[in-house]
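Working notes for the structure below.
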Amino acid sequence: MSSPPRAPDRETRFRTLYAESYADLCRFAARRVPPSRVEDVVADAFLVVWRRLDDLPADLDDARAWLFGITRRTILNSRRGVARQQALAVRLAEVAATQHPQAGQSWADDLVASRLDVAAGWQRLSAVHQESLALAVLDELTSHQAARVLGISPVAFRLRLSRARRALRLHVDSLPQLAQLPRRAALAPPLTDRISS
Amino acid sequence: MTTPRTDLVTALRSLDPAHELETLTLDPRSPGPDAALERIIASDPAPSRLAGERRTPSRRLLVGGVIVATTTVAAVVLPQFYGGNQAFATWTASPSGLTKAEAAETAENCRKELLDGGTGYSAALRASQPALAERRGAWSLVVLADDGGFSALCVRDESAVSMGGMFGGLGTPTDFVTSAPREIDATDLGSGGIDGESLSLAVGHAGSEVTAVVAHTRTHGDVEATVSGGRYALWFPGDEWNDDTARDGVDLEVTYSDGTSATQRVAP
């Protein structure tokens, strides 16, 4: 018996969503997996989206959070270890630590110093704190949307975010002098990709 | 003490790794993403059984135990485990082999299930080859692998009335090295739950001089591993190697090609 014909509306709707959301999901994934895995992760996430297209929220911002949630769970499903259902560590770009700013230098130099400090402080954050900050600052989600991605309440997310900001500030302020930092600023380690069953 | 002179948010945004993505990578019309789109649309849009969001509580029951891996491995548990207790009753402590055709079919079923599951290792899965296969009663076990350390594992109840009763994992070690001739390691170690039942397993690499691996278990006596192609695999019903007991590793008796044997501890 042949399968019933697929509704053209569904395919068109998915193609449009794919075209409009692909880059956004790649950026989301790139913050959480090595570059070599971004394309695979996004393809796998879209496969889930294709199967669950009927659940796509009508509101664009809610839809974005829904897509991020699926991508996040796709990544978590690809990991093994006791932290599978917990937070997803977020990596940062590498920053060269070869140009140590001197007193009285420009704002651009200040930024270099801040980047080094933040990169080093980021490594000391827990995955929960990294994820909360990344959703708010890098993925630019509201508390409501970020909470949806994590499957927690907006109140709980705001609490996490507040603690994460405080933790990063504390880590940054407690760092040693820049001259003691390694040549390449410390980064979040690659995802260990371990999950529990 | 160094205090950032520009605000943390500005500094954090300047470190966004997404900035490193090339324009082509972000273009859904480029060859890779475009081909992926066509593959997705050509697939069955039936609700996913795995990945993304698991909506059926009974599926969560299948994800009860803990499999701890020493490598970069993803655990996958697919539902619809029809065999249940009856299938476990057929389990044997000594494995038997699969015919070449059975092994090939089992491997392809494993590959398909894991690809359908959306695990983030699609390319590696497609390129992997069958590395080990065994049978214990109604159960089959197969390992797919490549030369770079990637491996995928499927344990399946072949008595299930349809596809889908499977437990498995996949991934690539972060620091893969070939095992020394008399060494074994564990890519998968621990216990996992399926449909209210548990199983414990140890799967990994075996050095070239390793000819046999045996687990002296408390609940099932001596459980013999399949050793083939530089790998070994053994499993048994129950959660004897649960998160608490397997946290520090488990002891396995390893026999070498010169007839001697030794106990080795493999750890997660």
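The values are calculated or read from the model by the stated rules, or taken from the named source; none is laboratory data. Quick caveat, the model's predicted, so the values are computed rather than measured. Every residue, glycine as well, gets a Cβ built from its backbone with ideal geometry; the counts of neighbours run over all protein chains shown.
A few comments on the model shown:
- Number of the exception - B:GLY249 against (1) surrounded by fewer than 17 Cβ atoms within 10 Å (Cβ to Cβ); (2) within 20 Å of the chain's Cα centre (by Cα); (3) over 27 Å from B:ALA138 (Cα atoms): (1)
- Residue match in segment B:20-31 (condition: within 27 Å of A:LEU25 (Cα to Cα), within 7 Å of chain A (Cβ to nearest Cβ) and modelled with pLDDT of 85 or more): yes
- Flag if B:ALA206 is small (Gly, Ala, Ser), more than 20 Å from the chain's Cα centre (by Cα) and under 24 Å from B:ARG182 (Cβ atoms): no
- Remark: B:ALA35 falls outside the filter, which requires a residue to be farther than 20 Å from A:ARG15 by Cβ and modelled with pLDDT of 85 or more.
- Matching helices (runs of 4 or more DSSP H) fully within segment B:55-155 where at least 3 residues are at pLDDT 85 or above, within 14 Å of chain A (Cβ to nearest Cβ) and surrounded by fewer than 23 Cβ atoms within 10 Å (Cβ to Cβ): B:122-127
- Within segment B:193-245, the set of residues being surrounded by fewer than 16 Cβ atoms within 10 Å (Cβ to Cβ) and modelled with pLDDT under 90 comprises B:GLY196, B:GLY229, B:ASP244, B:THR245.
- Matching residues in segment B:143-157 - criterion: being among the aliphatic types (A, V, I, L, M) and in contact (Cβ under 8 Å) with a residue 40 or more places away in the chain: B:VAL143, B:ALA145, B:ALA152, B:LEU153, B:VAL155
- A:SER3 meets the conditions (1) within 22 Å of A:ALA134 (Cα to Cα); (2) modelled with pLDDT under 85 in every case but one. The failed one is (1).
- Segment B:210-254: number of residues that are part of a strand (DSSP E or B) and within 22 Å of B:PRO130 (Cβ to Cβ): 13
- Leading residue by the ranking (farthest from the other protein chains (Cβ to nearest Cβ)) among those in segment A:7-44 that are more than 18 Å from A:LEU76 (Cβ to Cβ), without any contact (Cβ under 8 Å) to a residue 12 or more places away in the chain and of a type in the set (A, V, I, L, M): A:ALA7
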